[in-house]
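Structure first, then comments.
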Amino acid sequence: MRILITGASGYIGEQLVLQALTDGHVVFAASRSPIAAVNAKYLPYDLGEYESFRLPDNIDFIFHLAANTKSNSVTPAVEIAAAANLVNASLRSNAKFIFISSQVARPDAPTEYGQTKWEIEQRVLAAGGIVIRPGQVYGGPENGLYGRLCSSLRNLPFIPAFVPSPLIQPIHIQDLVKGLLNCLTLENYSGQIFKLGSIDPISFTFFLQSIARIHNNKSRLLLPIPTFAVLAIIKIIGKSFAARTGLDKLKSLMDVPLMDTKADLSFLRLQLRSLQSGLTKSGRYNRHALIIEGNSLLTYILKSTPSVSLIKIYVRAIESLRDKKPLGFLPIFNRWPILLALLDTPEGRKRTGHSEFIWRLRAAVAIAETSAEDVERFLETPIQSGVLYSTLGLARALCMDTIWRLLSNVCIFIAPKLFDFEKTTDAC
């Protein structure tokens, strides 16, 4: 089919262009700047100069993603007029119109962005077009809002935790693109709104934690931020300044309406991947988590960083002999594997009641004992001699043993909270 995509250089638009080309469609990429996809036919398109744009002949579908994100000269009225102009062009050409809107679209939205999206929706629906309302889009290249979140969480020493936390319904960018292209096969469907996002909402704080832990591989503390304080600041600084600083998006986030997405996901034949898998670069969260788990256990045993080959042996052992699920260590054990010693005691192994942890610890020991790293660790350990070294070493050992016993008792007491093995159900 011949497809026109506006906003083709954007976060979603670029991925839509690439997938449409892969599926064999003829793609016209309309945007302010060309994109890297050489097989797409580039068309200059600017919302501020919409009147000069001419629709190519024989277009079957129009995906309208272009939106004003930077230019102050493109007002909401201009953006609405540009969309209406494109809708009228689609009617004249008998092309199906698909508008990618937003979860925040509604007439009484707290931001101009949400109100503008709703106004455009009304024109699209009246013309028999299709409206897509995606939830929080994430994954893929670090672009758009998702890219800004990844960058901020990589640089910030903490994770802002709004209290109470807003709820969001994430959707991976590739799942969204698949849903958009599935619209090409719909017959006799017009004036329809499809809501696409996770069926079960999650807290925005958990979403940020997942990005930091899984995608960025960073451990961050939570910094509670009262929601009412943010709203008060936005009210004090005014709408104009809030829009320039991006704080208006926070207000919109805290007032986002939840969507009933189950029926629409089923209708468009979409089965969303889990957040964990979506944030993993390989898309295989279990494999990713097993690599981290193997690195932690082997580091604890060898007291040094294990080789890649040893970690691979550990992962293959779990995948072939167990049920492929990671234990689900708390991030602190992955960051400081030495803390696993708090559980690696006779009393600890007895009271944790976690047979799977014990099995995997023994498996890691067996793997380490056959490695060259283990031999080198014992052969190259320097031995200090002398009365002073011996005395200091004995005092240090006694202090560490006392502290370790106290910490071990605490960890044993809370042992059931240290793993999430039973809840780890992601597909490999």
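The values are calculated or read from the model by the stated rules, or taken from the named source; none is laboratory data. The structure presented is a predicted model; accordingly, all values stated were derived computationally and were not measured. For neighbour counting, all protein chains shown are included, and Cβ atoms are generated from backbone atoms with ideal geometry for every residue, glycine included.
Points to keep in mind about this one:
- Counting only strands (runs of 3 or more DSSP E) that fall entirely inside the stretch 1-78 and contain at least 1 residues that are within 19 Å of Thr116 (Cα to Cα) and modelled with pLDDT of 95 or more, the qualifying elements are 2-6, 61-64.
- Segments classed as helices (runs of 4 or more DSSP H), wholly inside the stretch 110-198, with at least 2 members that are among the small types (Gly, Ala, Ser) and surrounded by fewer than 18 Cβ atoms within 10 Å (Cβ to Cβ): 144-155
- The stretch 99-109 - residue that is surrounded by fewer than 23 Cβ atoms within 10 Å (Cβ to Cβ) and among the hydrophobic types (A, V, I, L, M, F, W, C) and, of those, nearest to Leu231 (Cα to Cα): Ala109
- The criterion of at least 2 residues that are crowded, with 21+ Cβ neighbours inside 10 Å and either touching a His at 6+ places or on another chain (Cβ under 7 Å) or at positive phi (or both) is met by the following helices (runs of 4 or more DSSP H) wholly inside the stretch 253-342: 275-279.
- The stretch 1-33, subset of a type in the set (D, E, K, R) and within 26 Å of the chain's Cα centre (by Cα), residue surrounded by the most Cβ atoms within 10 Å (Cβ to Cβ): Glu14
- Enumeration of residues in the stretch 263-291 that are closer than 18 Å to Asn217 by Cα, of a type in the set (A, V, I, L, M) and touching a residue at least 60 places away in the same chain (Cβ under 8 Å): Leu275, Leu279, Ala289
- Extreme residue, surrounded by the most Cβ atoms within 10 Å (Cβ to Cβ), among residues of the stretch 199-229 that are more than 13 Å from the chain's Cα centre (by Cα) and charged (D, E, K, R): Arg220
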